[in-house]
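S.K.: The following block contains the structure, expressed as structure tokens.
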Amino acid sequence: MHLTVLGSGTIHPSLERNSASYLLEDGQCKVIMDMGPGSLLGLTRAGVDTKDLHGILITHRHADHCCELAWLLQLERSKGRTEALRIAAPGIFKEYLDFFRTWGRSTPQPDTFPLEFLTMPGHVTWASMEIEGRYVPHVEHSVGYRIRCNGKNLSYTGDTGPGQELIELAKDADLLLSECTLPTGSKSKVHLNPEQVTRLASRAGVKKVMLSHFPPGADTGSAALSCRNSGIETMLAKDGLRIEIS
Ligand SMILES: [Zn+2]
Ligand SMILES: [Zn+2]
């Protein structure tokens, strides 16, 4: 399974980082995790056509994680897509999907393709990817994801504050893709700092960490150092970065 960072930023516009979005690929199965502003541009830069997307995982309703979902659905309808598209997301997105069909129109735009919606938290298998959504402490109904594919585990926090539930989410992950919005020493109930990510990775037995969701001007070097000093193999997310999860 390969992971491509389409957006490693936050809600703050940045010339270096799109908002949250990641592409997972295993052969022909292509899944996007979150669709913040810039995700479709990132996908285009990665050389992937939206018609080849198998499914979309959304963590929560903040705009920096989902606002290009509306654009993607309108795009696929306008292209006359016929292949099924799958969306796994918190239940509120069912209402959003209905709204997106009428956005900018006097009558709902009909689907040209089967749109399969799955309410998260829950489990689903898409081709070779076994996906589990679990609640994380952020805004109401926020989820993070565990994806198992070819014997490898990826855990993705989306946005989250600290909490016990994260340990199960990250348990024995080959890669923990974690938000790291806050600088060292700063605390919040809805985001993490580098020390909190380090503690989580240690307690969950994570093999490798990728830090992401950086606001403009973030001291990413210090964040990485904080994790590495604890003996955890740590990478920094950067738009366009593509790695194999091994
Ligand atoms: Zn965010
Ligand atoms: Zn958020």
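The values are calculated or read from the model by the stated rules, or taken from the named source; none is laboratory data. Because the structure is predicted, anything quoted here is derived from the model rather than measured. FYI the Cβ positions are ideal-geometry reconstructions off the backbone, even for glycines, and counts take in every protein chain you see.
S.K.: Restricting segment 185-239 to residues that are in a loop (DSSP other than H, G, I, E, B) and of a type in the set (Asp, Glu), which is surrounded by the most Cβ atoms within 10 Å (Cβ to Cβ)?
M.R.: Ranking the candidates gives 239 first.
S.K.: I want to confirm something. Restricting to segment 2-15 and keeping residues that are away from ligand 2 (no atom under 16 Å from the Cβ) and outside any loop (DSSP other than H, G, I, E, B), which single residue is surrounded by the most Cβ atoms within 10 Å (Cβ to Cβ)?
M.R.: 6
S.K.: Of the residues that make up segment 107-114, is at least one within 16 Å of ligand 2 (Cβ to nearest atom), within 25 Å of residue 71 (Cα to Cα) and out of contact with any Ser or Thr (no Cβ under 8 Å at 6 or more places or on another chain)?
M.R.: No: zero hits.
S.K.: Residue pairs, Cβ under 8 Å, 6 or more apart or interchain, first in segment 183-212 and closer than 23 Å to residue 140 by Cβ, second β-branched (Val, Ile, Thr) and modelled with pLDDT under 95. List them.
M.R.: As it stands, the answer is 193/184, since those pairs meet every condition given.
S.K.: Across segment 136-184, which residue is farthest from ligand 2 (Cβ to nearest atom) among those that are among the polar types (S, T, N, Q) and in a strand (DSSP E or B)?
M.R.: Among those that are among the polar types (S, T, N, Q) and in a strand (DSSP E or B), it is 153.
S.K.: Hey, another quick one. In segment 39-59, how many residues are free of Cβ contacts under 8 Å to residues at least 40 places away in the same chain, away from ligand 2 (no atom under 16 Å from the Cβ) and under 14 Å from the mean Cα position of the chain (by Cα)?
M.R.: Qualifying residue count, segment 39-59: 3.
S.K.: Within segment 71-79, is even one residue under 23 Å from residue 25 (Cβ atoms), in a loop (DSSP other than H, G, I, E, B) and away from ligand 1 (no atom under 16 Å from the Cβ)?
M.R.: Taking every residue of segment 71-79 in turn, at least one turns out to be under 23 Å from residue 25 (Cβ atoms), in a loop (DSSP other than H, G, I, E, B) and away from ligand 1 (no atom under 16 Å from the Cβ).
S.K.: I've got another one for you. Between a first residue in segment 60-85 that is within 16 Å of ligand 2 (Cβ to nearest atom) and a second residue that is assigned to a helix (DSSP H, G or I) and small (Gly, Ala, Ser), which pairs have beta carbons less than 6 Å apart while being 6 or more apart in sequence or on different chains?
M.R.: Within 6 Å, the pairs are 68/39.
S.K.: Another one. Tell me, yes or no, whether segment 92-113 has at least one residue that is modelled with pLDDT of 95 or more, polar (S, T, N, Q) and either in contact with a strand residue (DSSP E or B) (Cβ under 6 Å, 6 or more places away or on another chain) or over 21 Å from residue 245 (Cα atoms) (or both).
M.R.: no
S.K.: Can you name the residue in segment 121-135 that is under 22 Å from residue 206 (Cβ atoms) and in a strand (DSSP E or B) and is also nearest to ligand 2 (Cβ to nearest atom) among such residues?
M.R.: 135
S.K.: What's the number of the condition residue 100 fails, among (1) more than 17 Å from residue 208 (Cβ to Cβ); (2) surrounded by fewer than 16 Cβ atoms within 10 Å (Cβ to Cβ); (3) more than 16 Å from ligand 1 (Cβ to nearest atom); (4) not β-branched (Val, Ile, Thr)?
M.R.: Going through (1) more than 17 Å from residue 208 (Cβ to Cβ); (2) surrounded by fewer than 16 Cβ atoms within 10 Å (Cβ to Cβ); (3) more than 16 Å from ligand 1 (Cβ to nearest atom); (4) not β-branched (Val, Ile, Thr) one by one, residue 100 breaks only (2).
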